């Protein structure tokens with residue numbers, strides 16, 4: 001069977017961001033969008049422009065920044081997609097955000113299941129069909145590439161589903177997406193739904209068919225693969241499988257299944273798989289969602305072998321217990337141990353091997369210095385350390401304030417006290433003491449006093465990036481100032497120092513927004 005092109009539609013920045021606590025700011029979304037471009041994603045669903053001014057601006061800036069990318073891709077420029085309900089104000093807002101895109105797409109959705117029509121939309125089936133016709137037709141006057149999703153399609157009466165998608169196709173839709181909105185169906189059911197549509201929709205072959213599966217029963221990847229076998233030629237996925245509730249279909253699981261079992265799935269893709277691990281770590285860092293260790297493909301244990309029998313087999317031949325090479329997703333097996341005595345060229349070579357090929361010599365020089373500073377503390381530098389330093393350097397603007405010293409006094413019988421000395425860009429040194437219900441609150445109260453700004457701490461999160469007593473810790477915070485959220489990040493082997501600099505980084509973003 002001749003292989004067909006499978007369109008990889010990534011919705012990390014739209015559906016993925018709907019994961020509780022995974023809110024991204026505009027700079028973070030643009031950074032991820034650029035990485036999705038490098039990954040080879042065909043379509044990037046950049047957001048839901050009507051949802052907020054921030055979402056609108058994020059989509060607009062993603063269009064602007066990806067237009068500047070000169071990197072050649074075998075699948076051409078990345079399509080930028082905006083989501084819209086079936087109403088004119090949504091469609092107009094999405095079109096406005098996308099109007100300068102080289103390849104724009106409007107993605108319209110309207111629920112079609114009886115339970116959604118009755119209890120959510122409170123409209124009849126006839127009214128539903130009329131709205132689909134009117135809004136898809138209207139969107140078509142603004143944009144050539146139109147995707148339509150019958151929300152909750154997999155719980156929709158099949159004959160009515162055929163009617164709904166036929167109306168959308170006749171009105172100008174070029175892609176029809178079949179979403180398992182609540183993660184309810186099984187692989188056989190997905191196969192049967194696509195097959196039924198193929199048999200009963202007259203213009204089935206005139207459009208691209210897509211699947212969008214949620215993982216409530218842990219079947220998102222299996223359902224998506226069944227959809228491909230039935231004839232779907234677009235899959236809607238997210239990095240690390242993030243998304244509402246239990247998440248979405250994982251991009252890396254679909255892509256590596258296709259790459260590993262090409263004899264089963266008659267499709268080809270344009271994903272540059274060696275960018276997978278880099279993309280996974282970036283999304284994990286920016287969303288504050290740690291990848292579970294046993295996560296397929298990108299978990300830290302995915303290529304780890306502890307059992308003696310497994311270790312012996314892998315040492316003899318990797319194929320005994322590994323069905324794919326770690327290098328295929330951007331992991332490195334390298335005998336060169338990096339430490340404080342390693343030269344800049346060794347570090348530069350490793351940085352490039354890890355996929356950071358677009359960094360300038362000056363950027364590499366800065367990163368290598370920070371890595372070597374870390375190596376003064378740690379005995380060995382691991383790939384995860386390098387990734388962490390680079391992502392942190394990319395995210396964290398140059399702070400106006402530097403910490404000279406932090407002293408903490410804590411007791412279970414009284415509040416914690418912090419004594420901090422800091423220096424600003426004018427080389428003015430300020431020292432203050434503050435207290436709090438623990439060392440972190442004391443530190444943050446002290447920093448706020450020194451810088452002269454009042455904030456509210458919304459989230460504080462600590463993750464261990466590497467293992468061992470000298471583990472590199474990552475602290476991420478979200479603070480509120482005038483009802484606006486600002487994020488801060490920092491990595492350090494000293495979690496107190498990482499906590500302080502994460503907070504300072506967030507405050508510096510407040511100051512930048514006010515200038």
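Annotations for the structure displayed:
- Search result, residues across region 2-58 that are closer than 30 Å to residue 88 by Cβ, modelled with pLDDT of 90 or more and assigned to a loop (DSSP other than H, G, I, E, B): 11, 12, 13, 14, 15, 41, 42, 48, 52
- Members of region 238-269 that are part of a loop (DSSP other than H, G, I, E, B) and touching a helix residue (DSSP H, G or I) at 6+ places or on another chain (Cβ under 7 Å): 242, 243, 244, 247, 249, 265, 269
- Given (1) at pLDDT 75 or above; (2) crowded, with 19+ Cβ neighbours inside 10 Å; (3) not assigned by TED's automatic domain parsing to the domain that holds residue 490, index of the condition residue 406 fails: (3)
- Hey, residue 149 at pLDDT below 95 and either within 20 Å of the chain's Cα centre (by Cα) or surrounded by 22 or more Cβ atoms within 10 Å (Cβ to Cβ) (or both) or not: no
- Residue within region 204-214 that is outside any loop (DSSP other than H, G, I, E, B), more than 20 Å from residue 146 (Cβ to Cβ), within 21 Å of the chain's Cα centre (by Cα) and without any contact (Cβ under 8 Å) to a residue 40 or more places away in the chain present: yes
- Among the conditions (1) surrounded by fewer than 24 Cβ atoms within 10 Å (Cβ to Cβ); (2) in contact with a strand residue (DSSP E or B) (Cβ under 7 Å, 6 or more places away or on another chain); (3) within 24 Å of residue 290 (Cβ to Cβ), residue 233 misses just one, which is (3).
- Residue 115 vs. criteria in contact with a strand residue (DSSP E or B) (Cβ under 9 Å, 6 or more places away or on another chain) and not in a strand (DSSP E or B): no
- For region 270-287, a residue qualifies if it is crowded, with 21+ Cβ neighbours inside 10 Å and in a loop (DSSP other than H, G, I, E, B), and exactly one does: 271.
- Candidate set: region 65-83, residues that are in a loop (DSSP other than H, G, I, E, B) and in contact with a strand residue (DSSP E or B) (Cβ under 9 Å, 6 or more places away or on another chain); chosen: the one farthest from residue 11 (Cα to Cα): 75
- Test: residue in region 446-462 that is outside any loop (DSSP other than H, G, I, E, B), modelled with pLDDT under 90, within 25 Å of the chain's Cα centre (by Cα) and within 28 Å of residue 375 (Cα to Cα): yes
- Residues of region 409-436 satisfying the condition of being exposed (fewer than 14 other Cβ atoms within 10 Å of the Cβ), free of Cβ contacts under 8 Å to residues at least 12 places away in the same chain and either assigned to a strand (DSSP E or B) or not assigned by TED's automatic domain parsing to the domain that holds residue 508 (or both): 411, 414
- For residue 97, the conditions (1) closer than 30 Å to residue 330 by Cα; (2) buried (at least 18 other Cβ atoms within 10 Å of the Cβ); (3) without any contact (Cβ under 8 Å) to a residue 60 or more places away in the chain are fulfilled apart from (1).
The values are calculated or read from the model by the stated rules, or taken from the named source; none is laboratory data. This is a predicted model, so every value here is computed, not measured. We place every Cβ from the backbone using ideal geometry, glycine too, and count neighbours over all the protein chains shown.
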